[in-house]
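Inspection log for the structure reproduced underneath, given as structure tokens.
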């Protein structure tokens, strides 16, 4: 796919609904008449898909994407070209703690420190090729920085400008982190939770790339594609099974949906039998867990949480997740589950990932290890299961979610103190 036109592959011009099967044209629609979110219909492309022989980053999977993202990290494609190709690390030192064979997918290696860059790369690339003047998002954290950075990285007189809608009470620290990329920032007073749906109907020339829009989901499915390709490549014959399970934090349900979409495409491609695909487990913070509540109660749909409280994992505290029902369906379709963990377990897992594995992650990412511990304790995971915890974002922006105990030693006493410490 080349040129200035935002052409989508002929087999993925349409969007489709996972629930009722209805189709809709892109970019006119984002949600189905049944109320559920839409994603790109890539069945025909998936049937012809094989693991690529070349390429890096998100664009490595261009055959399954609706638009090119600007090449790979060796080309002049800006920030978007650097998204993806993040490390998958074997964390054997945590096996006993986790109760399984633990792998860590480190999404902090993306340009702005989170998995959001995958979806932003695709969304901003499409907006640029479509000639959109504006690309927007509703966020006060990782997604805001990601969209703003990716828009800034496109460059050129015809590139889209980023528009970021933030809550009126956003902290100055977060505002400054977003503002460094020079987007148009608009504070919105009122019910910030309604903003997502307001942008769906907004009469403005802005391509909103929000949490679960089709473009974002298309980009974010590359997390799971990379995980499965890495496992397939282990044997050099590319026939090894995928991991037994993939565990992600869940908020809006967009990344969870994208992971399920990737597995469906790999099954359609014939690269994995249905029985070999991983189970999907999604983890929420106990203070705000509408998807986990629906799973526990045996419901088919996710209802807004009326009693949502505060949590250290604030970035996944979504009381009304727009793709919550789709995430619920993903967990059940893969024989997985949705669970929630309290803040004390999240903070303990965060500390363990740092002190025992060397990964500084945001509290939302730490829910994965906290959830894996619970799944192992309940017998859902076995000691010989290969389990991938997706660490969705860096913790260097949230260093207040912990504490440090130190001592001060006079320079002249240092040698004596070091001998005592190391004795």
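The values are calculated or read from the model by the stated rules, or taken from the named source; none is laboratory data. Source: prediction; values computed, not measured. Backbone-built Cβ (ideal geometry, glycine too); neighbour counts: all protein chains shown.
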**OP:** Report yes if residue 322 is assigned to a loop (DSSP other than H, G, I, E, B) and out of contact with any strand residue (DSSP E or B) (no Cβ under 9 Å at 6 or more places or on another chain), otherwise no.
**Re:** no
Subject >> For residue 348: the one exception among (1) surrounded by fewer than 13 Cβ atoms within 10 Å (Cβ to Cβ); (2) without any contact (Cβ under 8 Å) to a residue 40 or more places away in the chain >> reply: (1)
Original post:
Out of all the residues in region 370-393, is one or more assigned to a loop (DSSP other than H, G, I, E, B), touching a helix residue (DSSP H, G or I) at 6+ places or on another chain (Cβ under 9 Å), exposed (fewer than 11 other Cβ atoms within 10 Å of the Cβ) and without any contact (Cβ under 8 Å) to a residue 24 or more places away in the chain?
Top reply: no
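In region 326-345, how many are assigned to a helix (DSSP H, G or I) and surrounded by fewer than 20 Cβ atoms within 10 Å (Cβ to Cβ)?
If we filter region 326-345 for residues that are assigned to a helix (DSSP H, G or I), which is where we start, we get 326-333, 343-345.
Imposing the further condition that a residue be surrounded by fewer than 20 Cβ atoms within 10 Å (Cβ to Cβ) reduces the set to 332-333, 343-345.
Counting residues in region 326-345 that are assigned to a helix (DSSP H, G or I) and surrounded by fewer than 20 Cβ atoms within 10 Å (Cβ to Cβ) gives 5.
Rundown of residues vs (1) free of Cβ contacts under 8 Å to residues at least 12 places away in the same chain; (2) within 22 Å of residue 107 (Cβ to Cβ), yes/no style:
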{"residue": "255", "(1), (2)": "no, yes"}
{"residue": "295", "(1), (2)": "no, no"}
{"residue": "298", "(1), (2)": "yes, no"}
{"residue": "311", "(1), (2)": "no, yes"}
{"residue": "318", "(1), (2)": "no, yes"}
{"residue": "323", "(1), (2)": "no, yes"}
{"residue": "341", "(1), (2)": "no, yes"}
{"residue": "352", "(1), (2)": "no, yes"}
{"residue": "355", "(1), (2)": "yes, yes"}
Subject >> Hits in region 271-293 - residues which are free of Cβ contacts under 8 Å to residues at least 40 places away in the same chain and closer than 30 Å to residue 241 by Cβ >> reply: 273, 274, 275, 276
Subject >> Enumerated helices (runs of 4 or more DSSP H) restricted to region 145-225, each holding at least 1 residues that are under 17 Å from the mean Cα position of the chain (by Cα), within 12 Å of residue 120 (Cα to Cα) and modelled with pLDDT of 85 or more >> reply: 214-220
